[in-house]
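First up is the structure itself, then whatever we jot down about it.
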Amino acid sequence: MERLAVGLMSGTSVDGIDAALVKIKGHGENTEIELLHYSTYSYNEEMKKSILAAMDPANSTVAAICSLNFKLGKQFAEAVKRVCMEADVPLAEIDVIGSHGQTIYHIPQQEGDLEKSTLQIGEPAIISYETGSVVVSNFRTMDMAAGGEGAPLVPYTEYILYRNPEKNRALQNIGGIGNVTVIQKDAAMDDVFAFDTGPGNMIMDELCKHFKGISYDPKGKIAAEGNVQHELVDHWLSMDYFLKEPPKSTGRELFGADFTSRIIQENPHLSPEDLIATATYFTAASIAKSCRDFVFPKTPIDELIVGGGGSYNQTLLAMLKELLPEVMVMTQEEIGLSSEAKEAVAFALLANETIHQQCSNIPNATGASKPVILGNITLPPNGDAKNILQKAGNHR
Ligand SMILES: Nc1ncnc2c1ncn2[C@@H]1O[C@H](COP(=O)(O)OP(=O)(O)OP(=O)(O)O)[C@@H](O)[C@H]1O
Ligand SMILES: CC(=O)N[C@H]1[C@@H]2OC[C@@H](O2)[C@@H](O)[C@@H]1O[C@H](C)C(=O)O
């Protein structure tokens, strides 16, 4: 049975909403997908500012988070309508929407009084009301309930979509944060392991905003003009996060605005270009170090496939190739897949697993004690719940 799903993702870069319209056949390891259409709908500056402020404990208020949950819900619903319209697919034909939401805060391990927890917002009732569709959301919390870090979740879908019987593959995503998934050629789902390698584009983006008034370093051109300060990179790489064994996940809490303001203040003698080059090298070096410390000792890698927006940064890619000469470093586009659409497609696929009551976390990746079914299901306001769930595939 085929069904139509829309996957929605708003990542740690807070650049916009990624929406993927996907045709899905089957579920579990036999899933087949066809990407019908993909678009990113950029946030306007005001929205971007409110999201970043909501994430920052020093600037956030409960009223702001409460309101933003509904504002984002409306924008996610709009993204579903637009992706369907652009693909000429009637909204009524959508069986299920998988909405990751926007991570506002992520506490992967208990910190003093702060309970291990995670918060993704973008109200699913609004999305469901506006689109008339079943919505699966809040994917990370059940994994956390089972003792996991609630991240990363994409590895399950990467196993389904990227495993290759002849090659040991590592999939390195470079979004706001960097994360890697390792899939050995003969791997079963349980053998896949994954973790966040550290910063992705987050620090470079903050530096570009601060010094140049632009949201990112286009193709890495600014970094190419600066000189890398290797002693600074070595110092940053001594942070506890890089010593910790996987499974592990991180976010803006560690590598966001606070980290960037600190490095700007501590290095007034450096030019913007030097700082951006150094931050770019830091991302490349943290990926290379993560591979050497935690991946290669378990699995010799044939191919490192780079995805996410960072794969468009030529300076970063060149640094990565230089730091990992023994591995074939390539981009998703080079193997014929879209770098940008990947996470939105993943949440369409994860929603399909949820409505099939199929577990879709990988305990090796998240640290959970066992596989669990992810996500909360929101039913549309006027529908016959039984029929809707049957239509969406509510059977094993
Ligand atoms: N042409 C480009 N040149 C350089 N960098 C780019 C380019 N296009 C995108 N990027 C970088 O990619 C980032 C967006 O990446 P992506 O959409 O994969 O992140 P995300 O999904 O928000 O993050 P995460 O995966 O951590 O949740 C931008 O903020 C920018 O730093
Ligand atoms: C808590 C959270 O939102 N984590 C994101 C973030 O962005 C990249 C990395 O950090 C990864 O851990 C995760 O997202 C992807 C989609 C995942 O769960 O696989």
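Since every read-out is calculated from the coordinates, none of them should be taken as a lab result. This is a predicted model, so every value here is computed, not measured. Cβ: placed from backbone, ideal geometry, glycine included. Neighbour counts: every protein chain shown.
Listing for the model above:
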{"item": "Unit charges at the beta carbon, dipole of the chain: most positive-side option, Ser10, Gln358, Ala344", "result": "Gln358"}
{"item": "Derived scalar couplings ³J(HN,Hα) [segment 116-126; Karplus, 6.51 cos²θ - 1.76 cosθ + 1.60; whole Hz; x for Gly, Pro]", "result": "4, 6, 8, 9, 10, 10, x, 3, x, 4, 5"}
{"item": "Loop sites in segment 190-283: trypsin sites (Lys or Arg not before Pro), DSSP, at most 14 other Cβ within 10 Å", "result": "Lys244"}
{"item": "Distant-in-sequence amide H partners of Lys248 (H built 1.01 Å from N, under 5 Å)", "result": "Asp196"}
{"item": "Dipole magnitude (debye, nearest 20) for the chain, charges at Cβ of Lys, Arg, Asp, Glu", "result": "640 debye"}
{"item": "Which of Phe242, Phe193 has the fewest Cβ neighbours within 10 Å, and the rest in rising order", "result": "Phe242, Phe193"}
{"item": "Candidates per GluC sites (Glu not before Pro) in segment 299-344, loop by DSSP, up to 13 other Cβ within 10 Å", "result": "Glu326"}
{"item": "Residue pairs, from the table Lys49/Lys221; Lys25/Lys370; Lys212/Lys342; Lys49/Lys74, whose Cα atoms sit over 23 Å apart", "result": "Lys49/Lys221; Lys25/Lys370; Lys212/Lys342"}
{"item": "Sum of side-chain charges, Ala346 neighbourhood, beta-carbon under 14 Å (Lys, Arg +1; Asp, Glu -1)", "result": "-3"}
{"item": "Under Karplus coefficients 6.51, -1.76 and 1.60, residue-wise ³J(HN,Hα) of segment 231-240 in Hz, glycine/proline x", "result": "5, 5, 4, 4, 5, 5, 5, 8, 4, 3"}
{"item": "Net charge, Leu119 excluded, C-beta distance under 15 Å - Lys, Arg +1, Asp, Glu -1", "result": "-4"}
{"item": "Karplus (6.51, -1.76, 1.60) ³J(HN,Hα), θ = phi - 60°, over segment 57-65, in Hz, Gly and Pro reported as x", "result": "x, 6, 10, 8, 10, 5, 4, 5, 5"}
{"item": "Estimated distance in nm for a label pair at Asn164 and Leu243, the labels positioned 7 Å out from Cα along Cα-to-Cβ", "result": "3.6 nm"}
{"item": "Residue-count net charge about Met9 - beta-carbon cut-off 12 Å; Lys, Arg +1, Asp, Glu -1", "result": "-3"}
{"item": "Segment 96-189: GluC sites (Glu not before Pro) in DSSP loop, at most 13 other beta carbons within 10 Å", "result": "Glu115, Glu166"}
{"item": "Sites Ala64 and Asp293, calculated FRET efficiency, Cβ-Cβ separation with R0 41 Å, nearest 0.05", "result": "0.55"}
{"item": "The chain: calculated mean residue ellipticity at 222 nm from DSSP helix runs of at least 4, using -39500 (n - 2.57)", "result": "-11500 deg cm²/dmol"}
{"item": "Per-pair calculated FRET efficiency, R0 = 25 Å: Glu78 and Ser338 via Cβ, rounded to 0.05", "result": "0.70"}
